[in-house]
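What follows is a single structure, written as structure tokens, with notes after it.
Every number here is computed from the coordinates shown, using simple stated rules; none is lab data. Just so it is clear, the structure is predicted and the values come from calculations on it, not from any experiment. As a convention, Cβ positions derive from the backbone with ideal geometry for all residues, glycine included, and neighbour counts pool all protein chains shown.
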């Protein structure tokens, strides 16, 4: 039994696919659903680039198999913007130069999306702790921290803004 | 990097999982949170023929109090333990260790049973369970066994669970009155596996005299190391700085860590002593603070 049919909701859209058991969730999102916003860096759970939100929790999509998400709800970076309109967190990253090459950005955005839901008014130390599991080789993190704090303020000013 | 092909099985009950593990034998690997197993599979360091996914087993997910013990189901997510009010109240050592495991994305998925069954000697949970003298409950189609922590961890990534046996829950004695605990570790980078970690508990009586102490270390041997002698030497006197120093020296002298890429054996021995001293001081201060709060 190497293949299985699965049903999964990604960014509000329902998908039905048959997948090989060994296919990681990250590869499933990128190859089968063509949602290539989720990036793959280390593929062993260290870099955080593949972070997605599974049933409300930020997880590494490289450390799961697609067959395991049958019946689940997933949010990926493609689900953040409203068409061409960036959401407040994405807008804060753009405004405060929270990215350079952009490779790690989807992982940071999904980690922080989850974090700001749980901790809408964070301190700088809390932001740094929250993103400790995501690696960025361009920014030195400072502008990512600034962007996260700015996004928290924007979201607090307009709670329906996300 | 893709795992080798495997048969995927998702049992709906513990009984079904146990039957599968017995029938399929050594070629079958139980999959809990996957935060250790899946990287090993991605690198093809592990190539199980059959993967038995435990994630559908709701009966193994939960934290409850039972007769002076905290009972945690093997499939309870680490993040659930970290955020549990019951855990922080009844088992503060565990609560203090939880955020030091990996990163939040790892703890959202990683399970208590997975970490214990993986038995990495650098991991936090085995040392916490060993320090507290916890018990691990394993089940197979033949029945149920209770294994004391010190007998459970038998070597590097090796436990006393036999083929066909599955870790289903861990029982930890709840913290007695006037007990302070501390979990300290040193790692190269935040969130990395610790080079050395120390779990300590100190219990005092109404006069402030130490009646019980425990010390367990990560990263200094093939299993979590319980420093019985150093802990026992604290009993019978009021906790004091010179006693913590002596315990630290004793631990440092007795452990035999390996050298590796990250740290030499000598460095690990030194850090083990320093962290033991600091962890005992912190635990004792907390025990005494609790005593004063109760007066």
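When segment A:43-73 is examined, which residues are found to be surrounded by fewer than 23 Cβ atoms within 10 Å (Cβ to Cβ), in contact with a helix residue (DSSP H, G or I) (Cβ under 8 Å, 6 or more places away or on another chain) and more than 10 Å from chain B (Cβ to nearest Cβ)?
Matches in segment A:43-73: A:47 only.
For segment B:1-23, which positions are closer than 20 Å to residue A:4 by Cα and within 14 Å of another protein chain (Cβ to nearest Cβ)?
The answer is B:2, B:3, B:4, B:5, B:6, B:7, B:8, B:9, B:10, B:11, B:12, B:20.
Among the residues of segment B:171-191, are any closer than 28 Å to residue B:273 by Cα, out of contact with any strand residue (DSSP E or B) (no Cβ under 9 Å at 6 or more places or on another chain), surrounded by 13 or more Cβ atoms within 10 Å (Cβ to Cβ) and within 14 Å of another protein chain (Cβ to nearest Cβ)?
Yes: segment B:171-191 contains one or more residues that are closer than 28 Å to residue B:273 by Cα, out of contact with any strand residue (DSSP E or B) (no Cβ under 9 Å at 6 or more places or on another chain), surrounded by 13 or more Cβ atoms within 10 Å (Cβ to Cβ) and within 14 Å of another protein chain (Cβ to nearest Cβ).
Quick check on segment A:90-106. Is at least one of its residues in contact with a helix residue (DSSP H, G or I) (Cβ under 8 Å, 6 or more places away or on another chain) and within 14 Å of chain B (Cβ to nearest Cβ)?
The answer is yes; a qualifying residue exists.
Taking the condition loosely packed, with under 13 Cβ neighbours inside 10 Å and within 18 Å of the chain's Cα centre (by Cα), does residue A:101 pass?
Yes; evaluated as a whole, the condition is true for this residue.
Which is in contact with a strand residue (DSSP E or B) (Cβ under 8 Å, 6 or more places away or on another chain) and without any contact (Cβ under 8 Å) to a residue 60 or more places away in the chain, of B:204, B:196, B:138, B:128?
Of B:204, B:196, B:138, B:128, the one residue that is in contact with a strand residue (DSSP E or B) (Cβ under 8 Å, 6 or more places away or on another chain) and without any contact (Cβ under 8 Å) to a residue 60 or more places away in the chain is B:138.
For segment B:80-122, which helices (runs of 4 or more DSSP H) that fit wholly inside it have 1 or more residues that are touching a residue at least 60 places away in the same chain (Cβ under 8 Å) and over 17 Å from residue B:199 (Cα atoms)?
Once the helices (runs of 4 or more DSSP H) in segment B:80-122 are filtered for at least 1 residues that are touching a residue at least 60 places away in the same chain (Cβ under 8 Å) and over 17 Å from residue B:199 (Cα atoms), what remains is B:104-109, B:112-118.
If I go through segment B:184-235 residue by residue, how many of them are over 17 Å from the mean Cα position of the chain (by Cα), in a strand (DSSP E or B) and within 24 Å of residue B:153 (Cβ to Cβ)?
Looking only at that region, the number is 4.
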